[in-house]
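The values are calculated or read from the model by the stated rules, or taken from the named source; none is laboratory data. Please read these numbers as outputs of a predicted model, since none were measured by experiment. Because the Cβ atoms are built from the backbone with ideal geometry, glycine has one as well, and the counts that use them run over all protein chains shown.
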């Protein structure tokens, strides 16, 4: 390889072969991710022929993770994350404990010492945020309550794994590792725990106090210059700069740093533009993540230890999934949410590789053990999309029955009948819906809220606001809101166009005279919805311009 072009060569080989293998996978009706993984195997050191630079590929993949997590932050506000804390925090911690116990049990049965078994179990307990995001994006579930729960769950897992990565080196001696520095640090474990927690807390506080104020203003200032390339540069520089700074100064992972940077920029009115501008880079570099996974894998594991690989895949795809489904149901969430969370966790990825690599460097686990983890990651990532396909019939068969048993899916009997005639049916109680609801309360206009967030429904009922937990595109939820007697249907949340059409069609079948007002994501979707003549469509851009023009007209009239 010519000196100085290693990066270009690695990029050309990785992206070119990923494109070719991805197209083959798509033709075979498999996820393109399978093609990306096999592209990595073909240019990895374990197969004959051309070998790309593994170290460079890993760094490029890290950039992909940074940009992808930054994009998630741009779509997920702090309020969205806090709204799912009651399920995400306990669910993630208990699920990691169960998966770790399963891994320790299997590895102990194989004759591994406790330290190796623990690293093995921990590596199988944390799912890949990158794989989850791709799965949610493909299914249009990023902005749904189920998607937010799954993302929040993995954010908690990521935070827990960051703590584990800091604690493992000083604890390596206790676990049977061969690192002398780790042996010397055995007695300093608790101070390190305290310092790590203090650094993470300091980073979060800094982002919430300073970042939340600074980054939206920075984006507004750069946008005012009028240069598209400077705007894009600002977005990418913020993502990578905050990710790097968080890792170097606060020992927070690149991914979590970028995620918080995105959430801070989410407060800006230009957040949608920032997401659009960074999308091509996110897509290109996320492909390199999957290629790098394939490059690190040695296919001989399938031949030499097939039963071990099968056990790993079983823990990841069956054990973790069942644990997540059971925990979600135990926390009183519907089956639909439990199945989505379970499918989301049926894979492992980037943090598993980091934990396994650290275990090898500390002498806790052998390279063969790490390769087993990589084999489990490869298979679980390749099959994860099939898990989502497999749960659809279960959703269809059992979903309606499960919803009928959910007390929050029914309007309380204590709601006065007078509030269920001529009422407004308000779909979604986020930032927009809350403002509408507050005005309706001020006007003493009766309304019923349909919302998928269980905690929010419970909170509304505690305030004596009629609320139903469910999907407004389903006739059962509309019936619970007494749509037949409603005067208007207000959709205050952004929803898939097909779901909107199903929702309004179901509402007008029982109440043809109901007025409809709905919210579109952008002008293109607004044009599509208006062409269907399904109701009055509002977009943020048009309403912002109308408000500013109204202010300008009143100002000019006053001056005149």
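Annotations for the structure displayed:
- Any hit, segment 519-534, residues being touching a strand residue (DSSP E or B) at 6+ places or on another chain (Cβ under 6 Å), under 26 Å from residue 136 (Cβ atoms) and assigned to a helix (DSSP H, G or I): yes
- None of 462, 506, 476, 488 is under 21 Å from residue 430 (Cα atoms) and surrounded by 15 or more Cβ atoms within 10 Å (Cβ to Cβ) except 488.
- Those residues of segment 130-144 which are at negative phi and modelled with pLDDT under 80, in sequence order: 130, 133, 134, 137, 138, 139, 141, 142, 143, 144
Results for (1) part of a helix (DSSP H, G or I); (2) exposed (fewer than 13 other Cβ atoms within 10 Å of the Cβ); (3) over 25 Å from the mean Cα position of the chain (by Cα), shown as yes or no for each residue.
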position: 220; (1), (2), (3): yes, yes, yes
position: 234; (1), (2), (3): yes, no, no
position: 239; (1), (2), (3): yes, no, no
position: 243; (1), (2), (3): yes, no, no
position: 247; (1), (2), (3): yes, no, no
position: 252; (1), (2), (3): no, no, no
position: 255; (1), (2), (3): yes, no, no
position: 258; (1), (2), (3): yes, no, no
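- Set 124, 167: member being in contact (Cβ under 8 Å) with a residue 60 or more places away in the chain, assigned to a helix (DSSP H, G or I) and at negative phi: 124
- Flag for residue 467 being modelled with pLDDT of 80 or more and over 26 Å from the mean Cα position of the chain (by Cα): yes
- Single residue of segment 477-498 satisfying the filter (assigned to a helix (DSSP H, G or I) and modelled with pLDDT of 85 or more) that is nearest to residue 83 (Cα to Cα): 477
- Matching residues in segment 437-476 - criterion: being under 20 Å from residue 500 (Cβ atoms), part of a helix (DSSP H, G or I) and touching a residue at least 60 places away in the same chain (Cβ under 8 Å): 476
- The condition of being surrounded by fewer than 23 Cβ atoms within 10 Å (Cβ to Cβ), part of a helix (DSSP H, G or I) and outside the structural domain of residue 456 (by TED's automatic domain parsing) holds for only one of 69, 21, that being 21.
- Flag for residue 49 being in contact with a helix residue (DSSP H, G or I) (Cβ under 9 Å, 6 or more places away or on another chain), outside any helix (DSSP H, G or I) and free of Cβ contacts under 8 Å to residues at least 24 places away in the same chain: yes
- Every pair of residues 6+ apart whose Cβ atoms lie under 7 Å, when the first sits in segment 496-512 and is within 16 Å of residue 140 (Cα to Cα) while the second is part of a helix (DSSP H, G or I): 497/525; 497/528; 497/529; 500/529; 501/532
- Test result for residue 544, part of a helix (DSSP H, G or I) and touching a helix residue (DSSP H, G or I) at 6+ places or on another chain (Cβ under 6 Å): no
Residue-wise test of (1) more than 20 Å from residue 279 (Cα to Cα); (2) within 14 Å of the chain's Cα centre (by Cα); (3) surrounded by fewer than 23 Cβ atoms within 10 Å (Cβ to Cβ).
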| site | (1), (2), (3) |
| --- | --- |
| 105 | yes, no, yes |
| 111 | yes, no, yes |
| 122 | yes, no, no |
| 126 | yes, yes, no |
| 143 | no, yes, yes |
| 153 | yes, yes, no |
